[in-house]
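Comments concern the structure below.
The values are calculated or read from the model by the stated rules, or taken from the named source; none is laboratory data. All of these numbers come straight from a predicted model, not from anything done at the bench. Every residue, glycine among them, receives a Cβ derived from its backbone with ideal geometry; neighbour counts consider all protein chains shown.
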Amino acid sequence: MAVSVAVKAKGESARPRTSTLRTSGVTRGSRARNTLSAVSTSNSPPAAVTAASSSDVSDVMVKEFMFATKIPAPYLWPPMMFAFLLAVLLSAAPQDQRPWVGVVNGDTLALDNFARDVGRRMELAASVGKADMADAVQAAWTDAVTQSIVKDEAQRRTIYVTDANVDSLLNSSPPDFVRRGFVDEKGRFDARLLRGLLANPDSVVRASLGTSASAERILAEVDGIRASMADLRNRLRTMMTEDRLRQQVLREEFTVDSTRLREAFVRAAERCNVNLVLLPCASTVAEPDERQLQQYHASRSWEFTTTEPIRRFAYIAFAMTPSASDSVRTLDNIRRFLRDINAERTPRKRDSLWTAVASVTRSFTTVLHPDSTTTSTLYAAVKGAARGRAYGPIRDGADYVVVLVDSMSTVSRGRKVYLVRGIRTMVEAGKTTIDSVLTLVDSAATMYDSGEEFGSVAQKFKKTVDLGPWVTPQQKVFGSYRLSDVIHSTPRLMLCDPVDTPEKGVVVAVVVDSLPAGPLPYDAAYDRVREAYRRRQSCLDVRTEARRLASVVKVLPEGTFFVGEKPADARILRSATVDRNGFIGEELFDPAAVKEILKNTEPGLYGPFVGDLGWYMTHIISYEPAEPREFPLWLQLRGEDAVAEQQQEFWTSWLQRQRTTARIIDNRWLTFRY
C-alpha cells in the first residue's frame, strides 16, 4: 500500500552510512546470475569451486574421482566468475589474512570454506528441485556459526578428536553418507575403495587411468583426491566433536523430566474408537470489515503474540530492469551454447557439456506430449526434432528455455512424444544497468542523510514509498535474509543500508516501528487476525447445517451408527481411532476436535461441535484411558525414544543460548547477493 506520510523531519541529523552494495568486487562481479547470460539463476559457486564430499551431498561424493573433462566454453565464463574472483582474493591476501565472511567469538570463518559449503548446498538443491541462493547462504551461515560455537566450547572443555579417531571410525563403522558415496559397480559399499583412497590414492588413480595416463594428470587427480579426503576427515571430525560435546553437556546439565514422560505415556495410551460425520466449513467467506476485525482482536488478544521482536519498515524499491543490450547479450550466449552442443558428435561429450551448465542452473526433464497445454510452447518448438539435438531459445513466460531431445515415440497418426532435458534462464541486468541503478540508490540515500523527507526523496525519483510487512530478525523478506538483518540492526527512523533483493530489486528502507516479544497490537497482528476471523466465520456460515446433524444422525438400539441424510460435502468415518496426538483415523489431523472428543469418556452421541476442519457429530463406541500400571512397560518399550526427544530439545535450546551470547560479526553480504 502507498504511504504518504513522512518518516523523517527535515534537518534531522544524518548518520554515517556505509553501503554494502559497492564494497566488494565479488558482489558486483558475480552480479549476472544467469549462466547462459550466463544460464545460472544464482551467483552460487559452480562445481569447479565446490568439493563434493559432504554429508549433505554424499551421493555425489565420488564425482571427485570421475576425472571428467572441464570445457571452459564462453557461456560458462559467468558461472566461473565467482571462482575467478575468489581465487584473486585468496592470492592477493596474505596467508594470515584470508578473506572471511564472519567472526564468531574471535574465530574467523574463511570465505573459501563458506563458499564451498554454499556450492554443495546449491548442487544438492538443484538435484532435487529448485535451488534458492538465499536459503543456501542462510543455512550455510547457521551451520557455520553453530560449528564455530561447538568448536570453541569443545576447546574450552578440552574435548579433542584426533586423526586416529577419525580414521578409526572410517575403517570400522563409516556413517551411512560415506557408505553411499563409495560403492562398487553393483551399488554396494566398497570398503576397499574407501581404504585405498584414504591410505594410498596414488595406486587407485593409476589403476583407474591405466598406463597411458601422463604423470601430470595422475598428479592432478591424486591431489584432488587428497583434498577431498581431507575435507571428508574435517567434516567427520566436526561431527565427532559435536557428538562428544553433546554427550558431556547432557551428562552435566540435563535432567529427565518425569512429568513429560508420563504425559507422553498418556498421549500414546489414551484413545477411543468413534464413528463420526464431518461437515467442512464453507470454502468462501465474505471479507470482514475493520470494525469486526478490531472487535475480534480485542476479544481474543491473548491468541496474537510473538516470541521474537518484530519491526516494520517503509521502503523505496529500485528495480533492476534489464536493458535491450542485456537481452541481446543473453540471447547471444544462448545461441553460442546451442552451437557448441549441436557441434558435438559424440553423446558423451555432448552430455558432459550439457551437464556442466545444467548443474548450476534451473534445469528439468519432462515429456512433451502433443495434447498437453502446459508444454504446448515447448512442443511447438521441437516438433519434428531429431534425437540428440538442442533447440532454442524458446520464450516461455519470463524465461528463455533450451531443450535437448533425448528420445521420441509415436503415439497416433504420426504424432510424436518427446523426452527432453531443459535449461531455463532469464534476462538479467548487466553491469551498465546495475551501475546506473546503484548511482540512483546512492543519490537517494545521500538526500535522506542530508535531511530530506523520505516521501520527498521518493517523489524526486518518481517512486512511491510502500510499507513492508512486520518482520522478525531471521525472516526472509522479498526473497532476501539480508533485509531483515539490516532492519533489526538499524535504529528507528534511520536509513538502512541498501539491500539487493530478488523480488524488489535494490531496497532502500527506513524502520518506522518496533515491538518487543509479547502481545501484538491490532495493526501488527492484522494478517493473523484476519485469517483467524475468516476461518471462524467460514465455520459459522454453516452452523445451520451443523445443527441439522443432530436430527439426522442417530445411534440405533443395536448400536449401529445411522446417518439419515448425508449433508452435502460431509465425510463419514466409521470405527476410527482417536488419540491424543491429534489424529482421527489415518486420514484426519485435527487437534482441536480430538481435544473435544476426549472430554467425553462414556459411549454415546456427542455434538455438533466445531474443530479446525469443520463441524463434528461423533458417536463414541469405546474409550480406553491410560492405565497407570502399564507405564513401566511403556518405559521399557518407548522410554528411550521419549528421553532422546527431551535430550534433543535440551541440546537445541543449549545451542540457541550459546548463540545468543556469542559475539558474532556477519560479513557474508559483502560476497553473496542475498
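What the table below lists for this structure:
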{"read-out": "Whichever residue in the stretch 352-390 is assigned to a helix (DSSP H, G or I) and among the aromatic types (Phe, Trp, Tyr) and, among such residues, is farthest from the chain's Cα centre (by Cα)", "value": "379"}
{"read-out": "Positions within the stretch 564-576 being touching a residue at least 40 places away in the same chain (Cβ under 8 Å) and touching a helix residue (DSSP H, G or I) at 6+ places or on another chain (Cβ under 6 Å), in sequence order", "value": "567"}
{"read-out": "Selection count, the stretch 577-602, where residues are free of Cβ contacts under 8 Å to residues at least 12 places away in the same chain, part of a loop (DSSP other than H, G, I, E, B) and among the basic types (Lys, Arg)", "value": "1"}
{"read-out": "Scope the stretch 479-504; condition assigned to a helix (DSSP H, G or I) and of a type outside the set (A, V, I, L, M, F, W, C); matching residues", "value": "482, 484, 485, 488"}
{"read-out": "Conditions (1) under 22 Å from residue 499 (Cα atoms); (2) within 30 Å of the chain's Cα centre (by Cα); number of the one not met by residue 306", "value": "(1)"}
{"read-out": "Selection within the stretch 180-222 - surrounded by fewer than 14 Cβ atoms within 10 Å (Cβ to Cβ) and under 19 Å from residue 163 (Cα atoms)", "value": "199, 200"}
{"read-out": "When residues of the stretch 232-260 are limited to those that are closer than 21 Å to residue 165 by Cα and among the acidic types (Asp, Glu), the one nearest to the chain's Cα centre (by Cα)", "value": "242"}
{"read-out": "Number of positions in the stretch 328-354 that are closer than 15 Å to residue 386 by Cα, in contact with a helix residue (DSSP H, G or I) (Cβ under 9 Å, 6 or more places away or on another chain) and surrounded by 17 or more Cβ atoms within 10 Å (Cβ to Cβ)", "value": "3"}
{"read-out": "Subset of the stretch 615-658 [closer than 28 Å to residue 474 by Cα and touching a Ser or Thr at 6+ places or on another chain (Cβ under 7 Å)]", "value": "655"}
{"read-out": "Residue among 403, 357 that alone is touching a strand residue (DSSP E or B) at 6+ places or on another chain (Cβ under 8 Å) and either at pLDDT 85 or above or in the same structural domain as residue 125 (by TED's automatic domain parsing) (or both)", "value": "403"}
{"read-out": "Residue check, residue 463 of a type in the set (Lys, Arg), surrounded by 15 or more Cβ atoms within 10 Å (Cβ to Cβ) and more than 20 Å from residue 134 (Cβ to Cβ)", "value": "yes"}
{"read-out": "Some residue of the stretch 562-576 being touching a Gly at 6+ places or on another chain (Cβ under 8 Å), loosely packed, with under 14 Cβ neighbours inside 10 Å, on the phi < 0 side of the Ramachandran plot and not in a loop (DSSP other than H, G, I, E, B)", "value": "no"}
{"read-out": "Residue check for residue 307: surrounded by fewer than 18 Cβ atoms within 10 Å (Cβ to Cβ), β-branched (Val, Ile, Thr) and modelled with pLDDT of 85 or more", "value": "yes"}
{"read-out": "Subset of the stretch 608-632 (residues that are crowded, with 20+ Cβ neighbours inside 10 Å and more than 42 Å from the chain's Cα centre (by Cα))", "value": "619, 620"}
{"read-out": "Residues satisfying the stated conditions in the stretch 294-309, i.e. touching a Lys or Arg at 6+ places or on another chain (Cβ under 6 Å) and either assigned to a helix (DSSP H, G or I) or over 20 Å from residue 535 (Cα atoms) (or both)", "value": "none"}
{"read-out": "Pick from the stretch 365-377, criterion surrounded by fewer than 18 Cβ atoms within 10 Å (Cβ to Cβ) and hydroxyl-bearing (Ser, Thr, Tyr), ranking: nearest to residue 353 (Cα to Cα)", "value": "365"}
{"read-out": "The stretch 646-665: number of residues that are in contact (Cβ under 8 Å) with a residue 40 or more places away in the chain and over 15 Å from residue 242 (Cβ atoms)", "value": "5"}
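Okay, residues lined up against (1) surrounded by fewer than 20 Cβ atoms within 10 Å (Cβ to Cβ); (2) at pLDDT 85 or above:
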{"site": "379", "(1), (2)": "no, yes"}
{"site": "384", "(1), (2)": "yes, no"}
{"site": "396", "(1), (2)": "yes, no"}
{"site": "417", "(1), (2)": "yes, yes"}
{"site": "428", "(1), (2)": "no, no"}
